Amino acid sequence: MSGPFVRMLVNIAVMSASVFSRAFVAAYHQALQNAKQGGGTAAKAASRTYGGMAPDEALKVLNLQKTDLKSSARIMEQFDKYFSQNETGKGGSFYLQSKVYRAKECLERAIKEEKAKAGKARSEAEEARRENAQKRG
């Protein structure tokens, strides 16, 4: 009696193994296709970070809104406040001080980039106006 029962268990185990192996191979191929199609998104996201911190995270660290990015003074005010509160001599955390400092750096670079983009767009617009004026004149 044990012979047919054992044979049935072995058949079930072999069929299960073949089903799982096919599913694994199909999932692997799908993962490869997904990686080929969306591989650039991780690189784009990484290029928007400064020193390992994204501007959105930096805003949260310094308790700022996106509208505060227009004011370097507001960023420095929050930086000074949180940096001094976390001084190690006062029992603060060097780790938090580092986060605050990196957040300030990140936002300063983001502001610099935005100004550069705005200046480039402005100069391109002026150049287009000059070309149009020369064509008319």
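The values are calculated or read from the model by the stated rules, or taken from the named source; none is laboratory data. Model, not experiment: these values are computed from the prediction. All Cβ positions, even for glycine, are placed from backbone atoms using ideal geometry, and neighbour counts span all protein chains on display.
So the values come out like this:
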{"read-out": "Hits in region 109-137 - residues which are charged (D, E, K, R) and touching a helix residue (DSSP H, G or I) at 6+ places or on another chain (Cβ under 7 Å)", "value": "none"}
{"read-out": "Output for region 63-94, where each listed residue is among the polar types (S, T, N, Q) and outside any helix (DSSP H, G or I)", "value": "ASN63, GLN65, SER71, ASN86, SER93"}
{"read-out": "Candidate set: region 96-122, residues that are in contact (Cβ under 8 Å) with a residue 40 or more places away in the chain and either of a type in the set (Asp, Glu) or not in a helix (DSSP H, G or I) (or both); chosen: the one nearest to MET76 (Cα to Cα)", "value": "GLU105"}
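Yes/no per residue for (1) touching a helix residue (DSSP H, G or I) at 6+ places or on another chain (Cβ under 8 Å); (2) farther than 12 Å from CYS106 by Cα; (3) at pLDDT 85 or above:
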{"site": "VAL14", "(1), (2), (3)": "no, yes, yes"}
{"site": "VAL19", "(1), (2), (3)": "no, yes, yes"}
{"site": "TYR28", "(1), (2), (3)": "no, yes, yes"}
{"site": "ASN34", "(1), (2), (3)": "no, yes, no"}
{"site": "ALA46", "(1), (2), (3)": "no, yes, no"}
{"site": "GLY51", "(1), (2), (3)": "yes, no, no"}
{"site": "ARG74", "(1), (2), (3)": "yes, yes, yes"}
